[in-house]
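Have a look at the structure below, then the notes.
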Amino acid sequence: MRGLMMDRPLMISQIIEFAAMNFPDQEIVSRTAEGELHRYTYPEAAKRSRQLAKALQALGVQPEDRIGTIAWNTYRHLEIYYASSGMGAICHTMNPRLPADQLIYIVNHAKDRFIFVDTTFLPLLEKLHQHFPDVEGFVVMTDEAHMPETTLPRVHCYETLLKAQDDDYRWPEFDEHTASSMCYTSGTTGNPKGVVYSHRSTVLHAMMVLSISGVPINEDSSILPVVPMFHVNAWGVPYFGLIAGAKLVFPGPKLDGPSLAELIEGEGVTDAWGVPTVWLGLLGHMRQTGSKFTTLKRTLIGGSAAPRAMIAEFREKHGVEAIQGWGMTEMSPLGTVSIPRPSMRGNWDKELEIRGKQGRLVFGVEMKIVDSNGQPLPHDGRSQGELLVRGNAVVSGYYDNPEANAKAFDSEGWFRTGDVSTIDPDGFMEIVDRVKDVIKSGGEWISSIDLENEAVAHPELAECAVIGVSHKKWAERPLLIAVREQGSNVTREDVLKFLEGRIAKWWLPDDVVFVDELPHGATGKLQKAKLRDQFKDYSLPTE
Ligand code: ADP
């Protein structure tokens, strides 16, 4: 017997209309590309999104057309999210820090018809636009007063387009499996791969995040998504934030420590979401100025491993709960969050151990670890294997990319994450490493992430990376590449001494190299491939 319930499609447009009706005075605050703070309410956001949908129609945009964005986290970007997806088009967010050849590839591969761009990134498009033969026009996300001179052809002004429309618009209803947005993941090799979200997966993912019991988000929350809206839809904040009725605080272009601290205090931010790199900057600023957060309750840290030292500093210096999350662009992105179970709380050292793991599943995601033959491994906290996932908001295939799709799934249709991990009997998953970053020493594996975690706890080291360097006897041995804190003269011997006793003896790096800076990719992650290339001929003193 079939259930006798209505079959209502899950639509992104429902979110903004629901939010406007239920939370009529809730605020959305943005630092604009021009630097000022802009604020308005949910109903104004909904009204302008409807106007923008009409403006897109007036430009000739049809359902399924791709609308590119190269933009900061601001209210206008939010309006593009809702207007383009809501009218049935596809919002294709792009990372402006991608190398030019990759940006050119994704604009053409996605077949973007229009591109919305913040003034900051106009020079970038002025250089690249001749490589975009199919792009019909560019919309500069500003008003007439701030419209810059530009050599970009076929340019429109965002506010002028909006002004020409009223908001008498009804969002269309269509199949919930229709594509709503796209985001390309940049692999370390080969071209970026397109992930295509649907209305259904987007709404479900938002509800999944709101179902995490240890992350309460509601009308009293003020959320700062530092994670960019060009990176997996800012981890869903623009969707679940509105469902929950939270105040949204968009940081625009200013992501440095002092600017973030000012915004957090000024706007009463309670929850901030972002990658470890931005928190390094923020915590550094708080240390230097001796300031404390007065409103911040929680940070959600993901994208790469959150060092235990960072989780501890948030808690011990600021009383802020730092929650590690793990996910991927292919997973919309959230897969797990690390919140200790009640029975695990009380002893902070033990809690920190748990918080250092990537965590337990979010409802709607399943995971398994398998050995090299694809056989499932036990959840004993020790067995390491490749992590595979499936779920309602996990990719079933990359956009127009049979080659990548042939490799991405196992015979049962689970998605290969490329991460090596363990799962303990309490369900906590811990990433050991990326499959390609793990150091293979004499047939055993050394986790570069664990080593980095321990090394960065040294008070005089600002950032660390560990890579495997080839070794005649052991195949590979770890090399620690570190950035000293400003003014520090810490030596190789100091660092090795510090690590002794903290890690297994045979894990001790064979050498320590100090550099001024480590290479970061477009989403702030360490670029280990670059480091491996840079140090490929490095001869270890232990050879
Ligand atoms: P995102 O950066 O949003 O998580 P990406 O698709 O760019 O998404 O990268 C996904 C990869 O990032 C994961 O497969 C994993 O290797 C790494 N990653 C994400 N979160 C964590 C985390 N908390 N700890 C360790 N690695 C992580």
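Restricting attention to region 348-364, does a residue exist that is among the aromatic types (Phe, Trp, Tyr), within 15 Å of the ligand (Cβ to nearest atom) and either at pLDDT 95 or above or in contact with a strand residue (DSSP E or B) (Cβ under 7 Å, 6 or more places away or on another chain) (or both)? Spell out how you get there, then give the answer.
Quick first cut of region 348-364, residues among the aromatic types (Phe, Trp, Tyr) only: 348, 363.
The next check asks that each one be within 15 Å of the ligand (Cβ to nearest atom); those that pass are none.
Among the residues of region 348-364, not one is among the aromatic types (Phe, Trp, Tyr), within 15 Å of the ligand (Cβ to nearest atom) and either at pLDDT 95 or above or in contact with a strand residue (DSSP E or B) (Cβ under 7 Å, 6 or more places away or on another chain) (or both), which makes the answer no.
Mind listing whichever residues of region 313-322 are within 16 Å of the ligand (Cβ to nearest atom) and either outside any strand (DSSP E or B) or over 14 Å from Trp348 (Cβ atoms) (or both)?
Keep residues of region 313-322 that are within 16 Å of the ligand (Cβ to nearest atom), which gives 314, 321-322.
Selection gives Phe314 alone.
Taking interchain pairs and intrachain pairs at least six residues apart, which have beta carbon atoms under 9 angstrom, with the first residue in region 137-164 and assigned by TED's automatic domain parsing to the domain that holds Ile67 and in a loop (DSSP other than H, G, I, E, B) and the second of a type in the set (Lys, Arg) and surrounded by 15 or more Cβ atoms within 10 Å (Cβ to Cβ)?
What qualifies is Met141/Arg76; Thr142/Arg76; Ala164/Lys54.
So how many residues does region 391-420 have that are of a type outside the set (Ser, Thr, Tyr) and under 19 Å from the mean Cα position of the chain (by Cα)? Before you say what the answer is, go through the steps one by one.
Start the filter on region 391-420 by keeping residues that are of a type outside the set (Ser, Thr, Tyr), which leaves 391-395, 397, 400-410, 412-416, 418-420.
So of that shortlist, the ones also under 19 Å from the mean Cα position of the chain (by Cα) come out as 391-395, 415-416, 418-419.
Selection size over region 391-420: 9.
Which residue, of His129, His38, is modelled with pLDDT of 95 or more, assigned to a helix (DSSP H, G or I) and open to solvent by 20 Å² or more (accessible area, probe 1.4 Å)? So that I can check it myself, show each step before the final result.
Working: His38 fails: assigned to a helix (DSSP H, G or I).
Every option except His129 fails the conditions.
Contact list please: Cβ distance under 7 Å, first residue in region 504-521 and assigned by TED's automatic domain parsing to the domain that holds Leu480, second residue assigned to a loop (DSSP other than H, G, I, E, B) and open to solvent by less than 30 Å² (accessible area, probe 1.4 Å), pairs at least six apart or on different chains.
What qualifies is Asp510/Leu540; Asp511/Leu540.
With region 407-469 as the region, which strands (runs of 3 or more DSSP E) entirely inside it contain at least 3 residues that are of a type outside the set (Lys, Arg) and within 16 Å of the ligand (Cβ to nearest atom)?
Values: elements: 415-423, 429-434, 439-441, 444-446.
Answer list for region 407-469: 415-423, 429-434.
Identify all residues within region 93-112 that are in a loop (DSSP other than H, G, I, E, B) and either surrounded by 23 or more Cβ atoms within 10 Å (Cβ to Cβ) or aliphatic (A, V, I, L, M) (or both); write none if there are none. Steps first, please.
Let us first name the residues in region 93-112 that are in a loop (DSSP other than H, G, I, E, B), namely 94-99, 111.
Residues satisfying the conditions are Met94, Leu98.
Run down Arg341, Arg345, Arg360 and say which single residue is open to solvent by 30 Å² or more (accessible area, probe 1.4 Å) and either hydroxyl-bearing (Ser, Thr, Tyr) or touching a Gly at 6+ places or on another chain (Cβ under 8 Å) (or both).
Only one candidate passes the filter, namely Arg360.
Hey, could you check region 42-92 for residues that are touching a strand residue (DSSP E or B) at 6+ places or on another chain (Cβ under 6 Å) and either of a type in the set (Ser, Thr, Tyr) or free of Cβ contacts under 8 Å to residues at least 24 places away in the same chain (or both) and say which is surrounded by the fewest Cβ atoms within 10 Å (Cβ to Cβ)?
Tyr75
Can you give me the number of residues within region 285-303 that are under 23 Å from the mean Cα position of the chain (by Cα) and either within 16 Å of the ligand (Cβ to nearest atom) or part of a loop (DSSP other than H, G, I, E, B) (or both)?
Of the residues in region 285-303, the ones under 23 Å from the mean Cα position of the chain (by Cα) are 285, 296-303.
Still in the list and also either within 16 Å of the ligand (Cβ to nearest atom) or part of a loop (DSSP other than H, G, I, E, B) (or both): 296-303.
Qualifying residue count for the region: 8.
Provide a single number: the residues in region 500-516 that are open to solvent by less than 30 Å² (accessible area, probe 1.4 Å) and modelled with pLDDT under 95.
Looking only at region 500-516, we keep the residues that are open to solvent by less than 30 Å² (accessible area, probe 1.4 Å), and these are 503, 509-513.
So of that shortlist, the ones also modelled with pLDDT under 95 come out as 503.
Count: 1.
The values are calculated or read from the model by the stated rules, or taken from the named source; none is laboratory data. Predicted model only: the values in this text are computed from it and were never measured. In this analysis, Cβ positions are derived from the backbone assuming ideal geometry, glycine residues included, and neighbour counts consider all displayed protein chains. Remember, those area values only see protein heavy atoms, side chains included, never the ligands or the DNA or RNA. Shrake-Rupley method; radii C 1.70, N 1.55, O 1.52, S 1.80 Å.
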